[in-house]
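Reviewing the structure listed below.
The values are calculated or read from the model by the stated rules, or taken from the named source; none is laboratory data. Quick caveat: nothing in here was measured; it's all calculated off a predicted structure. Cβ coordinates were reconstructed from backbone atoms using ideal geometry, including for glycine residues, and neighbour counts include every protein chain displayed. What goes into the accessible areas is simple: the full protein's heavy atoms, side chains included, and nothing from ligands, DNA or RNA. Shrake-Rupley method; radii C 1.70, N 1.55, O 1.52, S 1.80 Å.
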Amino acid sequence: MIMVILVTGANGQLGNEMQIVAKQSSDKYIFTDVCDGYEKLDITDLEAVRKAVKENAVKCIVNCAAWTNVDAAETAGEIVEKLNATAPENLAKAMKEVNGLLVHVSTDYVFGGDLYNTPCKEGQKGTPTGVYGLTKLHGEQKIQAMCCNYVILRTAWLYSEFGKNFVKTMLNLTATKPQLKVVFDQVGTPTYALDLSNAIMTIIEDYKKEWTLKPGTWNYPKTGVYHFSNEGVCSWFDFTKMIAEFAGNTACNIQPCHSDEFPSPVKRPSYSVLDKTKIKETYGITIPYWTDSLRLCIERLKCL
Ligand SMILES: NC(=O)c1ccc[n+]([C@@H]2O[C@H](COP(=O)([O-])OP(=O)(O)OC[C@H]3O[C@@H](n4cnc5c(N)ncnc54)[C@H](OP(=O)(O)O)[C@@H]3O)[C@@H](O)[C@H]2O)c1
């Protein structure tokens with residue numbers, strides 16, 4: 001049986017990696033975004049979402065679209081809540097109506113207001129410190145209130161060979177600057193969007209297997225919130241050192257500094273490590289170590 005899967009925000013970092021991994025699938029993928037080059041779909045428009053789902057007999061939506069500019073979210077106004085909270089609610093509504101699955105991506109920035117030094121579990125209370133994290137938390141809550149089949153994947157420090165991200169910025173800076181200061185007092189785990197896409201494919205395959213056995217109205221037993229990043233822990237300083245090393249940018253003198261040397265509108269979590277036990281046990285996946293994935297991404301970037 002062929003399942004139809006609609007991907008939103010296909011022109012973003014994660015959306016582009018989804019296009020790569022979906023090439024190995026026998027299912028039908030429809031890649032959508034608000035820009036040219038894709039099927040046009042603005043996910044803030046509920047009727048447009050419903051139409052796309054109905055016309056294409058969509059049974060699963062992977063939501064890669066979001067407002068992702070953390071600092072600009074502070075002053076951007078209503079659009080941030082609309083895109084990060086109301087739009088996921090639209091997608092959940094559309095999937096509820098056809099008994100499909102919504103795979104939605106959220107963020108470690110739903111945490112950060114409380115001080116802690118152990119990896120965050122899925123049930124930990126959300127304590128966002130800014131508009132981006134707050135609106136992403138609202139998006140999760142709206143999906144959960146819809147009682148559809150859903151998998152919410154919280155991820156962190158996302159990078160890929162596509163779009164703008166920390167890895168690409170640091171590749172450029174370490175190649176062109178004689179010295180650089182990077183914060184060492186914020187710790188987390190990078191996530192290669194290709195690895196996240198592979199995890200999403202595993203979830204879709206699992207859902208399809210269960211759905212094929214039980215057609216009609218049913219509840220996906222693995223519905224819930226999961227954490228996904230690469231394995232390991234590092235600071236932004238350590239991350240930058242590895243980026244420079246893998247790229248061969250040895251001339252740049254990279255030094256650690258404190259966050260207060262780079263004031264920003266939003267306070268970043270000082271310890272933002274996600275506990276991934278639940279996704280590994282539920283879906284039986286093995287997650288690559290962060291430096292292995294970083295090396296792979298930099299190799300792929302060299303080929304572009
Ligand atoms: N980036 C990170 O470090 C990070 C960390 C943790 C979690 N996440 C989460 O991971 C997910 C993927 O992030 P990403 O970095 O891949 O995002 P991204 O690169 O910013 O891509 C988002 C895509 O959504 C599109 N979009 C904007 N408004 C839309 C609308 N109304 N309808 C449909 N599409 C729309 C964007 O188009 P335009 O570019 O034209 O606006 C863009 O192509 C997001 O949910 C994000 O919150 C990201």
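Would a scan of the stretch 266-277 turn up a residue that is at pLDDT below 95, buried (at least 16 other Cβ atoms within 10 Å of the Cβ) and part of a strand (DSSP E or B)?
yes
Report, by residue number, each residue of the stretch 1-27 that is of a type outside the set (A, V, I, L, M, F, W, C) and either within 16 Å of the chain's Cα centre (by Cα) or loosely packed, with under 15 Cβ neighbours inside 10 Å (or both).
Thr8, Gly9, Asn11, Gly12, Gln13, Gly15, Asn16, Glu17, Gln19, Lys23, Gln24, Ser26
Within this structure, Ile254 fails the test of being within 28 Å of Val110 (Cβ to Cβ) and buried (at least 18 other Cβ atoms within 10 Å of the Cβ). What strands (runs of 3 or more DSSP E) completely inside the stretch 141-235 contain at least 2 residues that are open to solvent by 50 Å² or more (accessible area, probe 1.4 Å)? Where strands (runs of 3 or more DSSP E) fall fully within the stretch 141-235 and carry at least 2 residues being open to solvent by 50 Å² or more (accessible area, probe 1.4 Å), they are 179-183.
Starting from residues that are part of a loop (DSSP other than H, G, I, E, B) and closer than 15 Å to Val103 by Cα, keep the ones in the stretch 45-63 and report whichever is least open to solvent (accessible area, probe 1.4 Å). For the stretch 45-63, the residue satisfying everything is Val58.
Checked against (1) part of a loop (DSSP other than H, G, I, E, B); (2) within 9 Å of the ligand (Cβ to nearest atom); (3) within 23 Å of Ala156 (Cα to Cα), Asp114 passes all but a single condition, namely (2).
Within the stretch 95-103, identify whether any single residue is away from the ligand (no atom under 14 Å from the Cβ), part of a helix (DSSP H, G or I) and open to solvent by less than 10 Å² (accessible area, probe 1.4 Å), and answer yes or no. Yes, some residue in the stretch 95-103 is away from the ligand (no atom under 14 Å from the Cβ), part of a helix (DSSP H, G or I) and open to solvent by less than 10 Å² (accessible area, probe 1.4 Å).
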